[in-house]
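Let me begin by presenting the structure, written as structure tokens, before commenting on it.
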Amino acid sequence: MPARSRRVRPGFARAAKAKPAPRRGRSRWIIPVAALVLLAAGAAVAFVVLRDGAGGGDAVAWARLDTADVHSLAFDPADPAHLYFGHHGGLLESRDGGRSWQPTALSGADAMNVRVSDEGLMQIAGHEVYLESRDGGQTWEPVPTDLPGLDLHAFVTDPGDPTHAWAFAVGHGLFESTDAGRHWEQRQPDSFGALTTFQADGQPVLVGLTQIGIARSDDGGRTWQPLGRPSGQLASLAASGDGSVLYAGTTDGLQRSTNGGQTWSATGLTNVALTIAVPAGDDATVAVVDDQTRFYRSSDRGATWPGPLITSSPPTTMA
């Protein structure tokens with residue numbers, strides 16, 4: 001099989017495709033200089049647990065995802081055992097907490113960002129991709145939008161209102177929408193490598209990776225204030241729904257802040273977390289996929305990362 005070509009997008013690099021090679025030790029990402037990070041056709045593959053040991057410190061992987069890159073991870077707000085994982089080739093899902101993963105109806109689309117609401121609305125955004133589903137991901141339609149560009153490297157929704165969203169369009173800046181992405185207003189021309197949101201006193205708060213580090217906005221992205229910076233180069237961000245815990249994936253491992261991002265401390269995961277997710281209403285649970293496409297899950301704010309209690313069946317492939 002010919003080697004897949006490596007494509008690095010403009011702006012912040014979340015994950016870049018790697019050349020085929022033995023799994024162990026293969027890196028799945030690139031951080032370009034001066035950037036502060038931010039299926040095969042005709043085949044359907046079932047992704048299952050490969051328990052091949054720890055990935056960092058005492059962390060034990062729940063699964064390894066057989067994808068060429070890592071982009072996004074999200075919990076279903078209605079079911080914390082139901083997760084979605086986005087990559088260049090589409091969307092995978094797990095219904096057992098992350099032990100096993102299967103393809104969804106969405107394939108061939110760059111799911112760089114995935115957002116799931118408890119009202120049944122799902123949206124994905126990526127490189128020339130902006131789609132939505134209102135039937136649990138069974139069917140997808142393009143979002144009719146007036147965004148000036150659809151190279152969307154960061155996309156988040158208000159945890160209190162899924163129709164309220166922010167998107168960073170490469171070459172155009174940060175935009176805000178209050179009607180599920182139909183109409184947008186520009187908020188900042190600056191670049192953002194990642195965005196996360198939480199609610200404080202009933203109002204959405206944005207936290208983003210910018211060219212100078214991590215910053216916070218309390219006015220919908222109009223103005224930003226710098227926060228403390230974790231050690232290492234930044235790769236990803238996530239927050240609990242109330243903002244009591246912030247997480248940052250860096251080259252020094254997953255780091256955590258419990259004071260609004262003023263200071264950061266190490267967790268029990270030393271891997272590079274390329275994408276992070278926190279379930280709604282649960283500030284103790286956090287899940288990540290690292291640069292070796294391994295899925296980890298913690299129930300104590302990242303202090304420990306044990307494997308699943310029940311192992312899964314051997315890997316299978318569906319023709």
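All of the numbers you see were taken from the coordinates with simple rules; none came from a lab. Here the structure is a predicted model, which means the values were calculated and not measured. Quick reminder, even Gly has a Cβ in these numbers, built from the backbone with ideal geometry, and neighbours come from all protein chains shown.
Here are the numbers:
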| quantity | calculated |
| --- | --- |
| Binned Cα-Cα distance frequencies in the stretch 44-308 - 5 Å width, integer % | 1, 6, 14, 19, 21, 18, 12, 6, 2, 0 |
| Estimated inter-spin distance, residue 309 and residue 146, nm [label 7 Å along Cα→Cβ] | 5.3 nm |
| For peptides 125-132, 184-191, 138-145, sequence by mean Cβ density within 10 Å, most packed first | 125-132, 184-191, 138-145 |
| For residue 241, net neighbour charge (Lys/Arg +1, Asp/Glu -1) across residues whose Cβ lies under 9 Å away | -3 |
| Charge context of residue 140, other residues only, Cβ under 14 angstrom, K/R +1, D/E -1 | -3 |
| Equivalent ellipsoid, the stretch 173-311 (semi-axes from 5 times Cα gyration tensor eigenvalues, Å) | 26, 16, 14 |
| Selection from 249, 167, 181, by position along the positive dipole direction of the stretch 44-308 (Cβ) | 249 |
| Leading residue at positive end of dipole, the stretch 44-308 (Cβ point charges), from 61, 86, 276 | 61 |
| Net charge dipole size for the stretch 44-308 [Lys, Arg +1 and Asp, Glu -1 on Cβ; Debye, nearest 20] | 680 debye |
| Summed residue charge, Cβ within 13 Å of residue 76's Cβ, Lys/Arg positive, Asp/Glu negative | -4 |
| Other-chain or far-sequence residues with amide H under 5 Å of residue 291's (modelled H) | 272, 274 |
| Förster radius 45 Å - calculated FRET efficiency between residue 107 and residue 231 (Cβ-Cβ, nearest 0.05) | 0.75 |
| Long-range amide H partners of residue 101 with built H, under 5 Å | 47, 48, 49 |
